[in-house]
Amino acid sequence: METPGFSINSHRQMDHRCRAGHSRGFAARLVVLLMSLLISTLCHAQPLISLSSNMADIGTERSVRYLEDTDHTYTLEQVSSEPLASRFAPLPDGKSNFGISGSGFWLRIDLKNSGEEPQVSLLEVVHPHWDHVTFYTDGAAAQSGGDHLPFASRAVAAESNLYPVTTAPGGVQRVWVHLSYNQPGLAETKLSLWTPDEFAQHYDSRYFIIGSFIGMGVLVVLYNLLIGYSTRMPEYIWYTLYIMAAMMALLSNTGLGYRYLWQGTLWLVDLAPILFSLLTLVLATQFTRSFLNTRESQIIDRLLQSLFVLAALAMLCYLFGGRGYALKLTLLYALVTVLFPLIGVWRYKKGRSDARFYVLGWSVWSLAMLIAVTRNVGLIPADFVTSFSPPLGFCIEGVLLSLALADRINYLKQQKEAAELLHINHLRQEQEVLEQLVSERTAALEQAVKRAELLALTDSLTGVLNRRAFFESGEQELNRARRYQTPLAMVMIDLDMFKQINDNHGHATGDRVLVAAIDALQSMTRTADLFGRIGGEEFAILMPQTGLQAATDLAERLRVTLDTLEIRVGELTLNVTASFGVAAIDVSNESLAEAMGRADEALYRAKARGRNCVELASAATIKNAALSLSRT
């Protein structure tokens, strides 16, 4: 029985249209899926490297794809198939250096031969210190290298790991390279392509350059050994050891040490790059301490000694399995040595002229170390220039430091001559001191006799010379000064307003004030000075071997002392000031009376100015002063 209006034919037509609609939807989804896969494939497509017949150090950074194997578990079958095959990615910003790392790295490149003949090329792993290097190509046996295998097992006899790749005409050859360390190391994954002829030329040039560096180092060592042996200077010993360690570090870092010296000793293969680098830095630091004599600055010398602790810590890290930390500490040490020229500048400013060549030489070293450190941490690319800049800088620095050591000899010769001259002058000074001591002892004996005579000629109240004794002793001092042509100065002193003290407090109080004031003034004079009482409150000081300026300075100190002096008499506290007149005696033409007259005239000018001050006598008043004294 059929449903009205719905025949079997119409049902079939509808079913057909439904199936057609489902087919179109499936096709659309299939197209979308294929487009997605195509886009994904294009996004992850690996660029081809076109081979040529004259390839020389062709970098592969933009064409290589890498996969980091943190656990060292991936095999070729895994990385050449999904899902790992699609996880290969371009190098970050085209940089092949991953710093200090313990991961394994898989590298993949595709080589295309557009020619009509098979193309043989050499694929080079530039960094020579990988423990394990394995090359894989389709349809060929794996080739293993690295410095943990005997050198003879390498496909090409070279310090870096090379693998010959043959690409069929018009074909594409895929190559996988696996790199790894047993312990963390410098993860430099740079690959280069060469044709055999170009690499042979490069290899010859490289050996010539390295041989030149080593030859220059040997010459510098022999030269400095001879000079060090003849001079016995420790700077030459440290410098020679430093050069030898630097040459060993060069052999280690270029792979020549592994090839010719220690390839059969695995522990030394791993240790040598760190050991000789640290040894170079330590000996360079010790040379700096010895050459610049940094012991003169305790702070700088302690800082340099702390670098030895840093080197020891790096070695301990290595010995206990922390090679990654050892490498980082070594790079930190190298970075600190960049600052060594500042120490040379400091010593140069301290008068060490021989530090100039050290500053020049170590500035070159600093630039080379900066290039090496930044290359090792991946800030700059590892190429021919950055690889050989450190040894070139080392050679230039070696020549400049040799000049610095030669300059050091000249400096020490000058120092020796200066020391000998200083010794001669010292002997002369000792002789002069001895003669002066004899003279002083003689003068002291004369002074003792003089004091004994003065005891009977002193003022009974103040204890200073009386007027007659002062003039007699003063004439003797003037004759002595005239005979030896030594300076002589006179100071006249008059206490200000002293009569008021006597009138207000009595003569007994006045006498005590006078004694206290004179004691304070006399305590500031020398034993050779003559201090006399000329009148009631007027005093004079005659100072042998004293010029006008020194006498004026003394007078000012006396004035200030007296001005600040508080004199206690019972319950009273009294103050007193004084006026001063100063004159330098013309010992060749002037008498004591004339000089005293000039000083007295200056004293009265001081009183006229308001008292409590110092006035200097003028030489132009000598005759007038003499006339006034003769009239009186």
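The values are calculated or read from the model by the stated rules, or taken from the named source; none is laboratory data. These figures come from a predicted structure and were not determined experimentally. Positions of Cβ are backbone-derived with ideal geometry, glycine not excepted, and every protein chain shown enters the neighbour counts. Areas reflect the complete protein model, heavy atoms only, side chains present, ligands, DNA and RNA absent. Shrake-Rupley method; radii C 1.70, N 1.55, O 1.52, S 1.80 Å.
Observations, loosely collected:
- Taken over the alpha carbons of the stretch 127-276 as equal point scatterers, the Debye sum produces base-10 log I(q)/I(0) values at 0.17 Å⁻¹ of -1.04.
- Cut-off under 5 Å, modelled amide H: who pairs with Gly115 long-range: Gly170
- Over all pairs of different C-alpha atoms in the stretch 317-374, the reciprocal of the mean inverse distance, the Kirkwood hydrodynamic radius, equals 12.6 Å.
- Calculated FRET efficiency for the pair Leu422/Gln183, C-beta based, R₀ 60 Å, to 0.05: 0.55
- Shape of the stretch 118-196, Cα gyration tensor, a/c cut at 1.5: prolate
- Lys95, Lys499, ranked by accessible area, largest first (probe 1.4 Å): Lys499, Lys95
- Candidates per trypsin sites (Lys or Arg not before Pro) in the stretch 538-609, loop by DSSP, up to 16 other Cβ within 10 Å: Arg609
- Chymotrypsin sites (Phe, Trp or Tyr not before Pro) lying in DSSP loop within the stretch 227-332, provided at most 16 other Cβ fall within 10 Å: Phe320
- Label-point separation, Ser53 to Gln522 (7 Å along Cα→Cβ), nm: 11.9
- Solvent exposure of the stretch 217-263 as accessible area per residue, Å², 1.4 Å probe: 47
- Cleavage-rule hits (chymotrypsin sites (Phe, Trp or Tyr not before Pro)) in the stretch 99-203: DSSP loop, at most 13 neighbouring Cβ within 10 angstrom: none
- Of Lys112, Lys349, Lys190, the order by accessible heavy-atom surface (1.4 Å probe, DNA, RNA and ligands excluded), from most exposed downward, is Lys349, Lys112, Lys190.
- Relative contact order of the stretch 160-282, pairs being alpha-carbon contacts under 8 Å that are 6 or more residues apart, as %: 18
- What the stretch 90-193 shows is 34 Å² of accessible area per residue, with the surface traced by a 1.4 Å probe over protein heavy atoms.
- Near-label residues of the stretch 170-200 by backbone N, under 19 Å of a point 7 Å along Cα→Cβ of Phe320: 183-185
- Solvent-accessible area assigned to carbon and sulfur over the stretch 53-143 amounts to 45 percent, based on a 1.4 Å probe.
- Ligands, DNA and RNA aside, Leu465 has an accessible area near 10 Å² when probed at 1.4 Å.
- Estimated FRET transfer efficiency (Glu571, Arg468; beta-carbon r; R0 56 Å; 0.05): 0.90
- Multiplying the residue separation of Gln436 and Gln485 by 0.36 nm and subtracting their alpha-carbon distance yields 15.9 nm.
- Overall form of the stretch 224-318 per C-alpha gyration tensor (a/c, 1.5; a/b vs b/c): oblate
- Proximal charge balance of Ala314 [Cβ under 11 Å; K/R count +1, D/E count -1]: +2
- Solvent-accessible area of Met492 with every protein chain in place, 1.4 Å probe, in Å² to the nearest 10: 0
- If you plug the beta carbon distance of Leu367 and Thr70 into 1/(1 + (r/R0)^6) with R0 = 45 Å, you get a FRET efficiency near 0.80.
- Probe 1.4 Å, protein heavy atoms only - accessible area per residue of the stretch 483-595 in square angstrom: 44
- Heavy-atom SASA rank of Ile237, Ile274 (probe 1.4 Å, accessible area, largest first): Ile237, Ile274
- Annotation for Arg174 and Lys349: the two label points, set 7 Å from Cα along the Cα-Cβ direction, are 6.4 nm apart.
- In this structure, the amide hydrogen of Asp69, modeled 1.01 Å from its nitrogen in the peptide plane, lies closer than 5 angstrom to those of Gly104, Phe105, Trp106, counting only residues at least 5 positions away or on a different chain.
- Remark: relative contact order (the stretch 286-345) = 23 percent; criterion is Cα-Cα distance under 8 angstrom and separation of 6 or more residues.
- The stretch 154-214 and the stretch 509-565: distance between their alpha carbon centers, rounded to Å: 97
- Carbon and sulfur %, accessible surface of the stretch 462-565 computed with the full protein complex present, 1.4 Å: 49
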